[in-house]
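Report on one structure; see the data block that follows.
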Amino acid sequence: MPRKKKSGSGAMLSRVQKAKAQKARQIRDLMPANKKQALPDALAPYPLVSMAKLLEQAKDALRHTPELSGDVQSTASLPLRVFFSFCDGRKRAEVVNFSGQNLAEVLQQAESWVQQKNDDASATRWLRVDWVDQTWTRNWQDVQQAMLQSKRNYFRYGIALDAGFKHAFLEQELNANAMLYLGAKFQHAGVNEKNFTLYARKRFGQDFQLPEDGDREVELFSTQALFFSAERPPVTLNGFSGGSEGRDTGRRFIQALDADIVENLIAQSSSFLADQVDAQGKFVYGIHPCFDREIDTYNTLRHTSTIYAMLEAWEITKSNALKAAIDRAIRLLTNNFIHQYTLSDGRKVAYLRDLNSEIKLGGNAVCLLSLVKFTELTGSKKYLELLEELALGVENMQDKATGQFVHVLNAHDLSVKEQFRIVYYDGEAAFGLMRLYGLTKDQRWLEAVERAFEYFIAQEHWKTNDHWLSYCVNELTLYRPDERYFQFGIKNFAGHLEFVADRITTFPTLLELMMAAHKMIGRLRLSEEHRHLLAQVEMERFYDALEKRANYLLNGFFWPEFAMFFKNPKRILGSFFIRHHSFRTRIDDVEHYLSGYVAYLSHYLREPDSLSSSGSD
C-alpha cells in the first residue's frame with residue numbers, strides 16, 4: 001500500500017513538536033509527582049501454570065466441541081486450521097497456528113511446540129484457542145480496498161497472506177498491534193506497513209515481507225474460539241456470526257446481561273480507576289494500550305468527573321481501596337485545582353482551573369456533581385462552603401436576562417475567553433446546580449436552572465441529544481413538574497432511538513442518556529397529570545434500544561481474552577476502551593461506561609417494576 005506523504009515542512013513539524021514538549025513540561029511543573037504505588041494485582045484470580053498443563057486442560061473441551069469433532073466436521077472445511085494464543089498476563093500473547101486433517105493431528109503439533117519451549121519461559125495464565133470456520137479468497141488489492149471502506153479498528157477479519165496459512169494473523173492480532181491503523185487523521189482502516197512488518201517478523205522471522213503484487217490471492221477468515229485459564233471452566237467466545245454484524249466477535253458469549261455480570265463490570269472498572277490514582281491524588285490520565293504508552297497530558301475537568309463516577313461505583317461496591325483513591329483525588333482537586341476569587345461586588349466565588357489557565361463552565365459543574373455526591377454518601381459537611389462558592393461561580397457565568405451561560409473564562413482575571421465552546425457544558429452546569437439544590441434546597445440554584453432552561457428551550461437544545469441534559473431535566477422535573485420540561489426531556493431522546501440501537505461505536509454516553517430517560521419515563525407513568533405524554537414514546541423501541549446499547553458496551557471492555565493481545569495486559573485488564581481511538585483507555589472513557597452501568601444496575605436491573613413489560617398505562 002503506498003505511503004501517504006506528510007504535509008508541511010520538517011521545520012514546521014519540529015516547531016509543533018517543540019510546542020507540545022513545552023506544554024508537557026509546563027503540565028509536569030504544575031502537577032505533583034506521579035509517585036507509583038504498589039497496586040492490587042489484577043492477575044491474582046488467574047494462577048500461573050505451565051503451557052503444557054493449560055493445553056492439557058483445553059484438550060477435553062476441544063474434543064467435545066462439535067465443530068472440531070470428527071463426527072461433525074465437514075470434509076469441505078479441511079484442513080482444520082487452529083490458532084493457540086498463550087499469555088502470562090504481563091506481556092503480549094504468543095500466537096502459533098497449525099493445520100491438520102483432524103483435531104488430533106493439530107493437538108499433536110501444538111504439544112510438540114509446547115515441549116520445545118523452555119520450562120522457565122512457559123508459565124502462562126491464559127490460553128485462547130481459535131479455529132477457522134469461514135474463509136473468503138480475495139486478491140490483496142481488493143482486501144486493501146475493503147479496509148478503506150471499514151472504520152478504523154473495525155476491520156474484523158483475520159488475514160492469511162497465503163493459501164496454506166503460513167503467514168496468518170487473527171483479527172485481534174491485527175488490531176492490537178495497530179497493523180491496520182493509519183493514524184488519527186484517517187477515519188478508515190488500512191495497512192500500516194511499519195507496524196505490520198514489525199509484528200510479523202517477530203512472529204515469523206526476519207524474512208517476512210508484505211505482498212507486493214496486488215493480484216496475489218490471500219484469505220480472509222473468521223473463527224470460533226474458547227478461552228481457558230487454570231482451575232476454571234472454558235469460556236465460549238462469540239464467533240463472527242454471533243450477532244451485531246461481527247462486532248461481538250472475539251469476546252465472551254453472555255446469554256443475559258444480569259445484575260451479577262454488571263456488578264462485576266462495575267467492581268473491575270472502578271478498581272482500575274482506583275489503581276490509576278497515585279499517592280498525591282493524580283490519575284494516570286490515559287493509556288494507548290497497543291504499545292503501552294501513557295497519554296502525556298492532563299485535564300482537571302476529567303479528573304473531577306472521574307471522581308463522580310468512582311463515587312457512584314463506591315455506593316455499590318463499598319470498596320475501601322476505591323474510597324481511599326477517591327479521597328486522594330478529591331484532596332488534590334480541592335487543594336490544587338480549585339481556586340478562590342473575590343468579585344468586584346465582594347462576593348467570594350470558586351473556580352476549577354485547567355492547567356492551561358482556563359476556567360471552563362463544565363469544570364465547575366463536575367465539581368458540584370462530585371462534591372455533592374461525596375457529601376450525600378458520607379454525611380460530611382466539610383465541602384458545603386466550597387460548594388456554595390463553586391455554584392456562585394457558575395451563576396456568575398450566566399446572563400440572568402437570557403439564561404445563557406458563558407463557557408470559558410481566562411483564569412488570571414475572569415475575563416471572557418470564549419462565549420461558547422461545547423454544548424455539553426450547558427447541560428453539565430444545569431445538572432450540577434440541580435444536584436446542589438437537591439442537597440441544600442437553596443432557591444438560587446433552582447432559579448438559575450429555570451433561567452437556563454428558558455434559553456435551552458428557545459435554542460432547541462434537545463436536538464443535541466445530550467446525556468447531561470437528560471440527567472438534568474429528570475432532576476428538574478422532580479421539583480418543577482412543568483410539562484414543557486417533560487416535553488424537552490422526551491424530545492431529547494425520542495428521535496434518537498435508531499442511533500442508540502445501531503451506532504457502530506460503543507458510545508457509552510448513549511446508555512447514560514437512555515437511563516436518565518428511563519427514570520423520567522418511570523415517573524411519568526405515576527403522574528396522572530403528565531402520563532399522556534408517554535404516547536410520544538414508542539416503548540418497545542425505547543427499551544429495545546436501551547438493552548441493545550447496554551449489551552453492546554460489553555464490546556468496549558478489556559476481558560482477559562481480549563487484553564491478552566496487547567503489550568501489557570495486566571495494566572488494562574478490567575478497564576474500558578474506545579476502539580476507534582486505537583483502543584484508548586482514558587479515565588473519562590472509563591468513567592462514562594461506569595456511570596452508564598451503575599445506572600443500568602441500580603435503576604433498571606434492580607427495579608423490575610419499572611421495565612418496559614409494565615406497559616405505559
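The values are calculated or read from the model by the stated rules, or taken from the named source; none is laboratory data. Computed from a prediction, not measured in an experiment: that's the story for all the values here. We place every Cβ from the backbone using ideal geometry, glycine too, and count neighbours over all the protein chains shown. Heavy atoms of the whole protein, side chains included, go into the accessibility calculation; ligands, DNA and RNA do not. Shrake-Rupley method; radii C 1.70, N 1.55, O 1.52, S 1.80 Å.
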Handout entry: the stretch 229-244, residues that are closer than 18 Å to Pro66 by Cβ and either surrounded by fewer than 16 Cβ atoms within 10 Å (Cβ to Cβ) or modelled with pLDDT of 95 or more (or both)
Key = Pro233, Pro234, Val235, Thr236, Leu237, Ser241
Completion exercise
Of the residues in the stretch 83-138, those that are touching a residue at least 40 places away in the same chain (Cβ under 8 Å), of a type outside the set (Phe, Trp, Tyr), within 17 Å of Ala52 (Cα to Cα) and assigned to a strand (DSSP E or B) number 9
Practice task
Would you check if Arg247 is open to solvent by less than 30 Å² (accessible area, probe 1.4 Å), under 30 Å from Pro508 (Cβ atoms), among the basic types (Lys, Arg) and in contact with a helix residue (DSSP H, G or I) (Cβ under 7 Å, 6 or more places away or on another chain)?
Solution key: no
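Limited to the stretch 338-380, what total is found for residues that are assigned to a helix (DSSP H, G or I) and farther than 25 Å from Asn299 by Cα?
Number of matching residues: 3.
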Completion exercise
Over the stretch 281-300, the set of residues open to solvent by less than 10 Å² (accessible area, probe 1.4 Å) and either without any contact (Cβ under 8 Å) to a residue 40 or more places away in the chain or not in a loop (DSSP other than H, G, I, E, B) (or both) is Phe283, Gly286, Ile287, Thr300
Completion exercise
Considering residues that are open to solvent by 30 Å² or more (accessible area, probe 1.4 Å) and either of a type in the set (Gly, Ala, Ser) or under 20 Å from the mean Cα position of the chain (by Cα) (or both), the number found within the stretch 169-187 is 3
Problem - Pick from the stretch 561-586, criterion open to solvent by less than 10 Å² (accessible area, probe 1.4 Å) and either assigned to a helix (DSSP H, G or I) or of a type in the set (Gly, Ala, Ser) (or both), ranking: farthest from Gln276 (Cα to Cα) - result: Glu561
Practice task
Kindly indicate whether Arg353 is open to solvent by 20 Å² or more (accessible area, probe 1.4 Å), in contact with a Gly (Cβ under 9 Å, 6 or more places away or on another chain) and within 17 Å of Glu428 (Cβ to Cβ).
Solution key: yes
Completion exercise
Restricting the stretch 139-168 to residues that are aromatic (Phe, Trp, Tyr), touching a residue at least 40 places away in the same chain (Cβ under 8 Å) and open to solvent by less than 30 Å² (accessible area, probe 1.4 Å), the one nearest to Glu212 (Cα to Cα) turns out to be Trp140
